[in-house]
């Protein structure tokens, strides 16, 4: 890893995450089999202070930036990808209200509201272990920048109505942070809906192919009250993220980069015999497969780390292209490496509770995850260089 990325401060955070790895790995197969939420993992994250990874040290957090989070997410994904994926949904809000808002918000009135409200956000996480989710996906596209969840201003806050599918941490989060539109206002809001508010219900079951421990059921909001202090960023800030801080949308890919490392770990254990049984590392065909797996990982990691080295506001077209390309390379690479591992390790790797069988299923989920799904990224990449910058987006 380049020294410029792994500063002493970031290294300390990654090592803190790595310390949780053995316990996460030990629990992973049970949670996958049962499609149960990893409550104990989240207790460990809380105990380690990692809920506040991107909260300033002055507010009791770890003071990590976007890159620190990316590296920690990769490390967590190496041990329990599903936990790392849900962790992203929590940290996303602190990134938006922290580093990203600091880069985007400059209006004095907006800054006053931002500072006051995010103090509440930070205090809840650091002092009371409040867990946040950030469900974006909806069954229909709304008239307001693709969102069909609506907020009606009322005394002291908003009444929010809408439906969010694939709402990770649906039964575990204390606050669901949703993007909502207000009639007559073209600025979207990011509003923290208390999980225990009247009008909040969770529907359906959760029995997916992979990432089974994320508890991503459907969140239904029917006039749920959101206090004004739970508007974590000023109106319109979320809209600006797409054009001015698009790196935010690649955060899901970091845990999948960690998943690739998990596949390599499990494959290496098989080839060297450090797990159970006799090693196969002297077999030329196995060596070739191992080499191919590492090539895919090196390409994904190298591009991702290159992008992390240039993260910041207002990237140019080439930088955005690299971020989109990194997301595709990682998500498709995870599925490719997981598939190759089954070929290299043979039929026993297909039998549950094989680590590789679980990771194969988890890896298949990445390409479809929005907003930067592989299809969406390829759609944008397919226009770059063929139209002017505005038309290409």
Is one or more of the residues making up region 310-319 touching a helix residue (DSSP H, G or I) at 6+ places or on another chain (Cβ under 8 Å), closer than 17 Å to residue 74 by Cα, at pLDDT 95 or above and not in a helix (DSSP H, G or I)? yes
Mind listing just one residue for me: the one in region 6-36 that is in contact with a helix residue (DSSP H, G or I) (Cβ under 6 Å, 6 or more places away or on another chain) and part of a loop (DSSP other than H, G, I, E, B) and, of those, nearest to residue 297 (Cα to Cα)? 20
Leading residue by the ranking (surrounded by the fewest Cβ atoms within 10 Å (Cβ to Cβ)) among those in region 230-257 that are over 20 Å from residue 322 (Cβ atoms) and out of contact with any strand residue (DSSP E or B) (no Cβ under 8 Å at 6 or more places or on another chain): 240
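When you look at residue 225, is it at pLDDT 95 or above, more than 21 Å from residue 109 (Cα to Cα), surrounded by 17 or more Cβ atoms within 10 Å (Cβ to Cβ) and more than 23 Å from the chain's Cα centre (by Cα), yes or no?
In short, yes.
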Can you confirm whether residue 15 is without any contact (Cβ under 8 Å) to a residue 40 or more places away in the chain and either at positive phi or surrounded by fewer than 16 Cβ atoms within 10 Å (Cβ to Cβ) (or both)? yes
Selection within region 367-380 - assigned to a helix (DSSP H, G or I) and either touching a residue at least 24 places away in the same chain (Cβ under 8 Å) or surrounded by 15 or more Cβ atoms within 10 Å (Cβ to Cβ) (or both): 367, 374, 376, 377, 378, 380
Given 343, 364, 355, which one is touching a helix residue (DSSP H, G or I) at 6+ places or on another chain (Cβ under 7 Å), under 28 Å from residue 285 (Cα atoms) and crowded, with 19+ Cβ neighbours inside 10 Å? 355
Would you mind finding the one in 91, 152, 126, 130 that is part of a loop (DSSP other than H, G, I, E, B) and at pLDDT 95 or above? 130
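The values are calculated or read from the model by the stated rules, or taken from the named source; none is laboratory data. Here the structure is a predicted model, which means the values were calculated and not measured. Glycine also receives a Cβ, built like all others from the backbone with ideal geometry; neighbour counts cover every protein chain displayed.
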